[in-house]
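Q: Handing you a structure now.
The values are calculated or read from the model by the stated rules, or taken from the named source; none is laboratory data. Computed from a predicted structure; not experimentally measured. Note: ideal-geometry Cβ built from the backbone for every residue, glycine included; neighbour counts use all protein chains shown.
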Amino acid sequence: MKFSRIANEFSANSEGSGLGLYWVKQVMALHGGTVDVYTQEGRGSKFTIRAPLS
């Protein structure tokens, strides 16, 4: 869901609106790329951005 954040003990002390990831995903889609996420509960998330070279 765009413009949202999960409410938990980690996000309660973090700033941000949730817009950044939404915009990255939109830009990558326009260029034929992807954004992947790997999440470990209690440890956080890692994001991988893939864009075509041509």
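Q: Among all residue pairs at least 6 apart or on different chains, which show Cβ distances below 7 Å where the first residue, located in the range 39-54, is part of a strand (DSSP E or B) and the second is of a type in the set (Gly, Ala, Ser)?
A: Within 7 Å, the pairs are Thr39/Ser45; Ile49/Gly33; Arg50/Gly33.
Q: For Arg5, which of the numbered conditions (1) over 30 Å from Leu53 (Cβ atoms); (2) modelled with pLDDT of 95 or more fails to hold?
A: Checking Arg5 against (1) over 30 Å from Leu53 (Cβ atoms); (2) modelled with pLDDT of 95 or more, the one that fails is (2).
Q: Okay, moving on. What are the pairs with Cβ atoms under 6 angstrom where one residue, in the range 25-38, is without any contact (Cβ under 8 Å) to a residue 60 or more places away in the chain and of a type in the set (S, T, N, Q) and the other, located anywhere, is surrounded by 10 or more Cβ atoms within 10 Å (Cβ to Cβ) and in a strand (DSSP E or B)? Sequence gap at least six, or different chains.
A: Thr34/Arg50
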